[in-house]
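These notes are about the structure you will find just below.
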Amino acid sequence: MTTVATAFALSLPISLYRPSKLNTKKSVKGGLRVFAVFGEGGIEKRSSWGPLFDVEDPRSKLPQCKGKFLDVNQALEVARLDIQYCDWRARQDVLTIILLHEKVVEVLNPLARDFKSIGTMKKDLAELQDELTQAHRQVHISEARVATALDKLAYMEELVNDRLLQDRNATASEQTSPSPSTSTQATNVVQRRLPHKSLNVSGPVQPYHPRLMNFWYPVAFSADLKDDTMVPIDCFEEQWVIFRGKDGKPGCVRNTCAHRACPLHLGSVNEGRIQCPYHGWEYSTDGKCEKMPSTRLLDVKIKSLPCFEQEGMIWIWPGNEPPTATLPSLQPPPGFQVHAEIVMELPVEHGLLLDNLLDLAHAPFTHTSTFAKGWSVPSLVKFLTPASGLQGYWDPYPIDMEFRPPCMVLSTIGISKPGKLGGQSTDQCPTHLHQLHVCLPSSRQKTRLLYRMSLDFAPLLKHIPFMQYLWRHFAEQVLNEDLRLVLGQQERMINGANVWNWPVSYDKLGVRYRLWRNAVERGAKQLPFEKQM
């Protein structure tokens, strides 16, 4: 009921519109009388422009709904007519300006000047200038109305989704309730709690569910894994080490020697095998011990994970289910060049870090010393996305963003000058910054962050010495601004505070990530928001 009443209230700008007192202007041109009627009622015209602007006033189609609530379909129909009205109103405004410009041409016509004094011409031009100013002002009003109508339509979409979610949960409550009275009580609880779609993310971080492990995870950049080096990593509370075998392909084995549990990453890589620093036992990329100095060779093997290299990144599959045949692509869009690849270890749970990266509304408050310095605070921030999707774009920021399961955030930022935003969308901006953030869940309170930055301009920056260190310094500055806040969130969450107690409209992508993750952990057959393959 609340949803429908609110939807009806959104239709008031149309339903309460009344034609204002008409202001009729007449002119004569070549024997043809042209009538231009200014005001809310519209424009009557007889000119060559008529067919182009001959659009019916949509207010005649407005459903008669006085004194009653609208259902969902009626509310959406009202919103559609609202936008049609804005289109009609804008056409009338443009026609007004066209006719006024014709009158200016008429006044300045050499033949007309022969019959008019200079004073009369000045007076006519002054009047026309005032009318043009008023007409242009009306165009700006119409533009604002269009923007407002689109905002209402987006808001109504959320209300409709809330209503559908409410009905679905109410139905589920009825099916599981033991008695009609209990069912009614449960439905009332759902109706009271659902409008702000509260999520419960509170208390100590629980052990990761095994289902969350059944994905390919990027764990390192290829450039960091040389033939004679190792990269130790933590993933889901377990220690692993990555190195290259004799064939140059990467492998991932448990970072613990089978003999005396010594950390293998403290040793070395010898002919494609990792050698334990304690007694020299050597393991291949599949975990098999192929050399035991000073003793008889035994059939010993340590655990290994499926490991793959693609597009400059090393991937592992930590789950128990068989790995999928394909890996997701994390390549920057065409025309971009990678300028920086940075790895950081952060003392926060990876879900909290993802929540932060999927939120742009905090930028003008949190990042006032770095990339958002000088940003104004918008009156409204929205994330616009399809009804079923994990990607979209920010308004009013020219930034596209996507959550890529299981732990990646991709964003493309339109910029006009270094460090500044420009344009209303990424397509309107001449240059762009593309970012990839990978939040690997190392442990319940530690995240391995892989950051890749790409640009579609300034290719010479790649060849400047020590530029990598400058990019890292800037990335650390930005993350430190976030980190002090997220660490505070984590501390309070562990003590029982709910970090998702009151999600609002600009939290849409973060909420969808949490709903996706909850569905994975409970074993849903069809994960929400993901693209159908």
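In table form, for the structure just shown:
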| read-out | value |
| --- | --- |
| Ser505 - accessible surface, heavy atoms, 1.4 Å probe, Å² rounded to 10 | 50 |
| Local net charge near Gly280, Cβ-Cβ under 15 Å (Lys/Arg +1, Asp/Glu -1) | +1 |
| Rough spin-label spacing in nm, given labels placed 7 Å along Cα→Cβ, for Gln206 and Arg404 | 2.9 |
| Solvent exposure ordering (accessible area, 1.4 Å, most first) of Glu311, Glu341 | Glu311, Glu341 |
| Accessible heavy-atom area order of Trp502, Trp315, highest first, probe of 1.4 Å | Trp502, Trp315 |
| Gained length - Arg522 relative to Asn501, 0.36 nm times residue gap less alpha-carbon distance | 5.5 nm |
| Accessible area (Å², 1.4 Å probe, nearest 10) - Thr447 | 0 |
| Heavy atoms of Phe308: accessible area, 1.4 Å probe, square angstrom to 10 | 100 |
| 10 Å beta-carbon shell around His434, net charge (K/R +1, D/E -1) | -1 |
| Exposure rank, largest accessible area first [His265, His367, His362; 1.4 Å] | His265, His362, His367 |
| Mean-position separation - Cα centroids, the range 240-290 and the range 345-384, in angstrom | 41 |
| Spin-label model distance (nm) - Ser376 vs Asn320, 7 Å beyond Cα toward Cβ | 5.7 |
| Projected label distance in nm at Thr133 and Gln331, using a 7 Å step from Cα toward the beta-carbon | 5.8 |
| 23 Å Cα-Cα threshold exceeded, pairs from Lys301/Lys446; Lys382/Lys525; Lys246/Lys462; Lys446/Lys525; Lys246/Lys288 | Lys301/Lys446; Lys382/Lys525; Lys246/Lys462; Lys446/Lys525 |
| Per-peptide average of other Cβ atoms within 10 Å, ordering 396-409, 281-294 highest first | 396-409, 281-294 |
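The values are calculated or read from the model by the stated rules, or taken from the named source; none is laboratory data. Keep in mind that this is a model prediction, so the values were computed, not measured. FYI the Cβ positions are ideal-geometry reconstructions off the backbone, even for glycines, and counts take in every protein chain you see. Keep in mind that these areas ignore ligands, DNA and RNA; they rest on the heavy atoms of the full protein, side chains included. Shrake-Rupley method; radii C 1.70, N 1.55, O 1.52, S 1.80 Å.
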